[in-house]
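Data block below; observations after.
Just so you know, all these numbers are worked out from the coordinates, no wet-lab data involved. Just so it is clear, the model here is predicted, and its values are computed rather than measured. Cβ placement follows ideal geometry from the backbone for every residue including glycine, while neighbour counts extend to all protein chains displayed.
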Amino acid sequence: MTIDTTPGLEPASPAHASGSVFTSKSRMGAFFEAWPPLVLIALFWIGLIAVVVIGAKWIAPYDFMALDLRARLIPPVFMGGSWVHPLGTDELGRDVLSRLIVSIRISMVIAFLSTLIAAIVGVSLGFLAAYFRGRVEQVILMLIDAQAAMPFMIIALAVLAFLGSSLFLFTILMGFYGWERIARISRGLAISANERGYATAVRDLGATPIRIYARHILPNIASTLIVSLTLNFPEVILLESGLSFLGLGVQPPMTSLGNMVGYGRDYIQSAPWIMLAPSAAIVVTTLSISILGDWMRDKFDPTLD
Amino acid sequence: MVQYLLMKIFRALVTVTLIVSAAFVVLRLSGDPAIIILGPEAPPEAFEAFRRNWGLDQPIWVQYFKYFVAVAQGDLGNSMRDGRSALVVVGERIPLTLAITLPALFIKLAIGLPAGVVAALYRNTWVDRLIMMLSVAGFTVPSFVLGLVLAMIFAVWLGWLPSGGSDTWAHAVLPTVTMGLVGAAVIARFTRSAMLEVLGQPYIRTASAKGLLWRNVVRSHALPNAAIPTLTIIGFLVGSLVAGAVVVESVFSWPGVGRLLVNAVANRDLAVVQVILLLVGLTMVGANLAVDILYGIVDPRLRIKRLQAGS
């Protein structure tokens, strides 16, 4: 075997650093290898969304509920409107951009809290199954199977039929989306982590089970869990916006992305921008998070599906 | 084989029991239907009569037991809104839903399976990247957005197809295509990873090492083995034929089971919601059971492995 002497693979010596094109090129190549452009764009968008979520109050040019009946159905600036309402107004003269910003905030907060709930429920049940094994594990596995056998949308609709839709209950309901997948993953990971030296070591030192699971096993399996939570997040956004679109999720006067698309569809002919703006926000956001999640999975844990 | 079958059927029964119980808990315990239906200002006698009529005045475990017996006998009560049997109300919508979900299933399989296989065979080439990009797009575009965009293009701008209703076959085109495209993305992705998994197996290396043409390796070694995990997702799709169209039916005002469910939820028509919930549960469990049995027939390894796993 001969030693490969392409310039890019050599350690950067002063001679190369001065003149060689290859070195800098390969460095840029290496940068984009580690951070693919698509991932960078996705990260940028997620950052933008984060800013919007945190600063919604200061960014939104108008109150999202403020009516202006003299300025109804004004088109956005790129469809012949003006910068007064960059994304136009709706049938009651409410500023679409302001509503979009508030909608993004509400949809993201719901998705974030729901994913957090799913993580807590899933990890707890997964760990319980891994710790007790036997009967407890069988019961938890049975619950997982039953949950996986039912489309979540149908269950959510049945629960909403009775509880109605307060924002609080709705968020908790969304929190049950995906718990079974997280429970299954954390059970499997905890069982194999239990066999590892570090778990045995702290157990022999007399640590309580809660300490072992919370302080030692959880941090060790966190990267895989975070990847699967990242992949859960866009699905919750889609579910929430679907239910809100049907008029069964977030209720007016509150607004969410799905909710906006839902009433915007009545104006699909005369004012398509009411519907298109939130649709684009949903698509680009879920796409960005999916891209990020897939990339993280390939990087940290290729075994996850 | 018999033991495998019995175990699977037992599991299916347990799941059905869980679903029936969940329906009972959700629909009976989380609120007082009398107040919801009659409103809080109704006279006390009306409450009494309502509770007696629906058996709501009895202890909860009696209600639970009676509920089970009634479900087993197919007596699921009347629609609390229009008084007809809830089973009939739901039943008459099923053909309409199948009229769009069956063709949609066909589109999903016809596009999704070949796309997934091709993407796996040409892994990391531009073909794979293109297919996966479309697939990710299919995952992240919600069906109501895709539906509305298609309606905007083909109904509003071009005027080729109607945007809502169910009078002619042309009305079925947009809902069917919307569901088909979204589902195809799911199948393509799943098929690709099943296929990649198989292509990495030693028996594929053996088959090509002994000099088989690559297309023969794919045809007689890779495809049959990749078909097995793909069965699971197809089972899920078959199971959701009845109620997989909740959102799309609402987008296109298609009067199927999904739209009935949305209206029933909005009107709090519990009997109808419950029938649909049980119907979906039963079809899902039935489809899963069928897939499990098929597994057992197609792949003898699973019969043994699952028994040894002892679950």
Shape call for region A:67-150, from the Cα gyration tensor axes a ≥ b ≥ c (a/c under 1.5 means rounded, otherwise prolate when a/b beats b/c, else oblate), comes out prolate
Ordering B:108-114, A:131-137, A:207-213, B:248-254 by per-residue average of other C-beta atoms within 10 angstrom, highest first, gives B:248-254, B:108-114, A:207-213, A:131-137
Computed over region B:94-255, the distribution of all Cα-Cα distances in 5 Å bins, rounded to whole %, is 2, 9, 17, 18, 16, 13, 10, 7, 5, 3, 2, 0
Here the whole-number average of other chain Cβ atoms within 10 Å per Cβ of A:240-250 is 4
In terms of the charge dipole of region B:94-255, which places +1 on Lys and Arg and -1 on Asp and Glu at the beta carbon, the residue among B:Ala119, B:Ser208, B:Thr101 farthest towards the positive end is B:Ser208
Taking A:54-63, B:238-247 and ranking on average Cβ neighbours within 10 Å, highest first, one gets B:238-247, A:54-63
In this structure, the FRET efficiency calculated for B:Leu130 and A:Ile46 from their beta-carbon separation, with R0 = 30 Å, to the nearest 0.05, is 0.80
The size of the Cβ-based charge dipole (Lys, Arg +1; Asp, Glu -1) of the protein assembly as shown about the Cα centre, to the nearest 20 debye, is 1460 debye
Expected max-MSF residue from B:Ala226, B:Ala137, B:Ala188 in the GNM of chain B (alpha carbon, under 10 Å) is B:Ala137
For chain A, averaging the sequence separation of alpha carbon pairs under 8 Å that lie six or more residues apart and dividing by its residue count, the contact order in percent is 20 percent
Where a ≥ b ≥ c are root eigenvalues of the Cα gyration tensor, a/c under 1.5 meaning rounded, otherwise prolate if a/b exceeds b/c and oblate otherwise, region A:141-198 counts as prolate
Note on chain B: contact order normalised by length, alpha-carbon pairs under 8 Å, 6 or more apart, percent, works out to 26 percent
The farthest towards the positive end of the charge dipole of chain B, of the residues B:Val14, B:Gly74, B:Ser220, given +1 on Cβ of Lys and Arg and -1 on Cβ of Asp and Glu, is B:Ser220
Expected integer from the mean partner chain Cβ neighbour count at 10 Å over B:143-150 is 6
Between the alpha carbon centres of region A:243-284 and region B:89-104 the gap in Å comes to 27 Å
Note: probe point = Cα of B:Leu102 + 7 Å toward Cβ; backbone nitrogen < 20 Å; residues of region B:182-197 passing the test are B:183-184
Taking only the alpha-carbon positions of region A:191-305 as identical scatterers, the Debye log10 I(q)/I(0) at q = 0.12, 0.17, 0.22, 0.23 Å⁻¹ comes out as -0.63, -0.85, -1.08, -1.13
Within the set A:Glu180, A:Glu91, A:Glu33, GNM on chain A using Cα springs under 10 Å gives the largest fluctuation to A:Glu33
The answer for the per residue Cα convex hull volume of chain A, in Å³, is 234 Å³
What helix-only [θ] at 222 nm does chain A give? Using -39500 (n - 2.57) per DSSP H run of at least 4, over all residues, to the nearest 500, the answer is -22500 deg cm²/dmol
Summing -39500 (n - 2.57) over every DSSP H run of at least 4 residues in chain B and dividing by its residue count gives a helix-only mean residue ellipticity at 222 nm, to the nearest 500 deg cm²/dmol, of -23000 deg cm²/dmol
For the A:Thr200, A:Val139 Cβ pair and Förster radius 25 Å, calculated FRET efficiency rounded to 0.05 is 0.40
In nanometres, the difference between 0.36 nm per residue of separation and the alpha-carbon distance of B:Gln201 and B:Ile94 is 34.2 nm
Taking A:264-274, B:203-213, B:175-185, B:77-87 and ranking on average Cβ neighbours within 10 Å, highest first, one gets B:175-185, A:264-274, B:77-87, B:203-213
Pseudo-spin-label distance A:Thr208 to A:Lys57, built 7 Å along Cα→Cβ, given in nm, is 3.9 nm
In chain A, whole DSSP H helices that both stretch 30 Å or further along their axis by alpha carbon positions and average at least -0.5 on the Kyte-Doolittle scale are A:37-59, A:96-132, A:218-245, A:273-300
Once both label points are put 7 Å beyond Cα along the C-beta direction, the A:Arg70-B:Asn263 separation in nm becomes 4.3 nm
For the B:Trp160, A:Asp266 Cβ pair and Förster radius 30 Å, calculated FRET efficiency rounded to 0.05 is 0.90
Residue ranges of DSSP H helices in chain B that stretch 20 Å or more (Cα, own long axis) and have mean Kyte-Doolittle hydropathy of at least 1.0 are B:2-24, B:94-121, B:126-140, B:170-199, B:223-239, B:270-298
Averaged over the residues of A:155-167, the number of partner chain Cβ atoms within 10 Å of each residue's own Cβ comes to 6
In nm, the gap between the two label points placed 7 Å beyond Cα toward Cβ at B:Ala49 and A:Phe168 is 3.6 nm
